[in-house]
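Laboratory data are not the source of any read-out in this text; all were calculated from the coordinates shown. These numbers were taken from a predicted model, which means no experiment stands behind them. Ideal geometry is used to build each Cβ from the backbone, glycine not excepted, and the neighbour counts take in all protein chains shown.
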Number of protein chains: 2
Amino acid sequence: MEEAAKKIMAKIIVLGAGVMGSAFAQLLADTGNEVCLVGTFLDQDIIDSLLADGTHPGLKVRLPENVRAFSNPELENIMDEHVRLIVFGVNSAGVDWAVARIGPFLKASVPILMLTKGLAVQNQSIVILPEVVEQGLSVYGLNRVPLAAVGGPCIAGELAARRQSSVVLASQDTGLLEVLLSLVDAPYYHARGSTDLVGIEVCAALKNFYTLAVGFAAGQLDSKGPAPNGAFMHNLAAGLFTQAIAEMRYFVQLLGGQNRSVSGLAGAGDLYVTCQAGRNGRMGKLLGSGLLYRQAKSEHMPKDTIEGAELALIIGSTLKQLTEGGKIDKDAVPLALRIVEAICDNQPLKIPWDLFYR
Amino acid sequence: MEEAAKKIMAKIIVLGAGVMGSAFAQLLADTGNEVCLVGTFLDQDIIDSLLADGTHPGLKVRLPENVRAFSNPELENIMDEHVRLIVFGVNSAGVDWAVARIGPFLKASVPILMLTKGLAVQNQSIVILPEVVEQGLSVYGLNRVPLAAVGGPCIAGELAARRQSSVVLASQDTGLLEVLLSLVDAPYYHARGSTDLVGIEVCAALKNFYTLAVGFAAGQLDSKGPAPNGAFMHNLAAGLFTQAIAEMRYFVQLLGGQNRSVSGLAGAGDLYVTCQAGRNGRMGKLLGSGLLYRQAKSEHMPKDTIEGAELALIIGSTLKQLTEGGKIDKDAVPLALRIVEAICDNQPLKIPWDLFYR
């Protein structure tokens, strides 16, 4: 890593010490940066563990020495003129908090890179999180903060284990993209740049949501079992996977993103990896086994944040309104509407086959 | 099924009694057709079993009574004027044989539906199998036989168990598409039509080939084991999956197919399902664990037909020539070239990360 350390060596603040923020902090440290990993008010246990012996309890790795851990109140002390990049590693519910926390100290020239994935509703429209950040920062007189985001198939635990991972960094600012690509240039991290911030962000958010449906197949298999001839239900899962990609393409186009992103790392790639492991797939499996959402959540995953379900709860009623008002073509997103019904209205998830693959 | 039986009721010959031909024969029977399942000269054991008690030994199901099994020599006796459709259920190596077998008896008005997947080389070009069939039939003075093909995520054993499956039927003849869609209209079989025969066929063939690479990730995991923090290698698999889709798109465009097919059932959908189970993934896993192809084949899968590897052996040298001659952009298909090296030249499969995601 010594050569990389000579090449760059930036002071970077990662806000949020959850698994993704912390794994990303290690990546930045590996490439020679000085990283300050700042916990949110919910992360104190993690920070305590990191301060004690460097171990991240969620990632189960010891972070390198050039990741320094700080508690939430220490943020103001380290927000000095040397900071070259802010990374948002909070979850989607923490974006407003992160903006409020960083706003008073931020210089407009320091870019923000968002690991946080999600969508939000503003003025009865569905918007990407960088828009929320932009609006939030304007309250602090910050109007031109350069924004970027990461998409693609990157499970945090694997990144923390330095296993081969491929991502796309997205920003409308191509100069920023170049800087960011150099900051994360590690041999196990294959990053490419894209200017399609909208497409990448829409895909990154929706892959969690649609994984609920792909996971449904595993739940059906669980409850019905293999067929007498030993057959599973891979065809079912693959059909749902394909419809998910088609609907993601519709949403990406609708919000102004590019088709290309949907079949790339942030779309098909991240949907693929999300379907292989994780909480969204697990919830989908519970739904597929016949449980209703609220029961599945309270009995089986009471403490888990299920990002896909959270997204359904955030955008669900708006999605229905936009569909009813004709602003979203209901025939283009039949699976999304059923997922919303399953999560928001606690209905059984039924697969509307006749409406698929149009 | 009674209503379907009234609606249609065609005599259909399925040539090839392997797992896919036979599962498809059952589907056609379920929708009320009279199906003659004719074994190739390699299928006599299967035909014997079907004649004895209706059981297909590979599918492990008992086929319905309106699938009647016939030995290869009986073909001429059943090729009468009532035959409405021929289905090719042979594997890719059997296409020339199937054409030679059916050619002398076929009427030009009877369409052929191809379940067979693969690509071939003609005049130093890579072509889809329907082109091979078309050329082969012209020897018999048959110049306008309507051709169609099936793509999409459909594991034969699951189809045989009547589990939900989604496919795309492709033909440049839209009238034929309509007929075929009505012939396969079963509640567990979700078929859509497409006129992109080239795109569907290219995807259907290449998904086996690229699954060798996605399976590589599982082999790497097998040999290196989970990381100390418990992390697997899903990110690696998803990265390879994404690059595979990008290269499939290049090949589809090159051969004159449509982009849309690549992110649909025949492309992303079928690649997804093929990566979940089957022989191609198993061979990929062996390669990922560090074995060279020839050793992996002879020691672990001596009797298996690995369609993706067969395809590499068929198109490998042509692909290299076309790349060297500049007719194929080598930077567009770096993974394909490494797979070809691994299979044709018995080299270790190395992942050219720097060339990915361009």
(request) Within a 10 angstrom radius of each residue's Cβ in B:58-65, how many Cβ atoms of other chains show up on average? Whole number is fine. (result) 2
(message) Rounded, prolate or oblate for chain A? Axes are the square roots of the Cα gyration tensor eigenvalues, ordered a ≥ b ≥ c, and the cut-off for rounded is a/c under 1.5.
(response) prolate
(request) Would you mind estimating how fast the stretch B:199-355 diffuses translationally, via Stokes-Einstein at 25 °C and 0.890 mPa s with the Kirkwood radius over Cα pairs, in µm²/s? (result) 158
(message) Cut-off under 27 Å on the C-alpha distance; same-chain residues fewer than 8 positions from B:K320 excluded. Which lysines are left, in chain and number order?
(response) B:K117, B:K207, B:K285, B:K297, B:K330, B:K350
(request) Within the stretch B:75-168, report the GluC sites (Glu not before Pro) that DSSP leaves as loop and that have at most 12 other Cβ atoms within 10 Å. (result) B:E81
(message) Run lengths n ≥ 4 of DSSP H only: what is the helix-derived mean residue ellipticity at 222 nm for chain A, with -39500 (n - 2.57) per run over all residues, to the nearest 500?
(response) -14500 deg cm²/dmol
(request) May I have the extent of the alpha carbons of the stretch B:2-195 along their three principal axes, as whole Å values ordered from largest to smallest? (result) 45, 34, 31
(message) Give me P(r) over the stretch A:129-250, computed from all C-alpha to C-alpha distances, binned every 5 Å, as integer percentages.
(response) 2, 9, 14, 14, 16, 14, 11, 7, 5, 3, 2, 1, 0, 0
(message) Using alpha carbons only, how many angstrom separate the centre of the stretch A:118-186 from the centre of the stretch A:194-262?
(response) 22
(request) Kindly give the distances from B:L313 to its copy-mates, label point to label point, with each label point 7 Å from Cα along Cα→Cβ, as nm values to one decimal ordered shortest first. (result) 5.6
(message) So, R0 is 22 Å and r is the distance between the beta-carbons of A:D96 and A:R144; what FRET efficiency does that work out to, to 0.05?
(response) 0.65
(request) Within the stretch B:214-251, find all residues whose amide N lies under 20 Å from a label point positioned 7 Å from the Cα of B:R358 along Cα-to-beta-carbon. (result) B:239-251
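Rounded to the nearest 5, what is the percent of antiparallel bridges among the DSSP beta bridges in the stretch A:2-195?
25
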(message) If I build a Gaussian network model for chain A, linking alpha-carbon pairs within less than 10 angstrom, which residue out of A:L236, A:L115, A:L337 has the largest mean-square fluctuation?
(response) A:L236
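Compute the relative contact order of the stretch A:93-185 as a whole-number percentage, counting only Cα pairs closer than 8 Å that sit 6 or more residues apart in sequence.
26
Given Cα pairs under 8 Å that are at least 6 residues apart, what percent is the relative contact order of chain B? If you can, show how the numbers build up before the last one.
Working: 700 pairs, mean separation 49.4, N = 358.
Worked out over chain B, it gives 14 percent.
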(message) Only Cα pairs within less than 10 Å get springs; with that Gaussian network setup on chain A, which residue of A:P226, A:P348, A:P64 has the largest fluctuation?
(response) A:P226
(request) Return the distance in nm (one decimal) between the two label points of a simple spin-label model at B:H300 and A:S182, each offset 7 Å from Cα along Cα→Cβ. (result) 4.3
(request) Could you tell me how many degrees, from 0 to 90 and to the nearest 10, lie between the Cα long axis of helix A:334-344 and the main elongation axis, the longest principal axis, of the Cα atoms of chain A? (result) 80
(message) Rounding to the nearest 10 and keeping the result within 0 to 90°, find how far the Cα-based axis of helix B:197-224 lies from the longest principal axis of chain B.
(response) 50
(message) Taking 2.2 N^0.38 Å as the expected size of a compact globular protein, what ratio does the Cα radius of gyration of the stretch B:70-159 give against it, to two decimals?
(response) 1.11
(message) Compute, for the protein assembly as shown, the length of the dipole vector about the Cα centre, with Cβ point charges of +1 (Lys, Arg) and -1 (Asp, Glu) only. Units Debye, rounded to 20.
(response) 160
(message) Just want to confirm a number: the relative contact order over the stretch B:199-355, from Cα pairs under 8 angstrom separated by 6+ residues, in percent.
(response) 32
(message) Suppose the Debye formula is applied to equal point scatterers at every Cα of the protein assembly as shown; what is log10 I(q)/I(0) at q = 0.09 Å⁻¹?
(response) -0.80
(message) Run the reach check for A:K60 against aspartates and glutamates, Cα to Cα strictly under 13 Å, same-chain hits fewer than 8 apart removed. What comes back?
(response) A:E158
(request) Would you look at the GNM of chain B, springs on alpha carbons closer than 10 Å, and say which of B:M283, B:M20, B:M301 moves the most? (result) B:M301
(request) Distance from a point 7 Å along Cα→Cβ of A:K60 to each backbone N in the stretch B:212-229: keep the residues under 17 Å and list them by number. (result) B:221-222, B:224-229
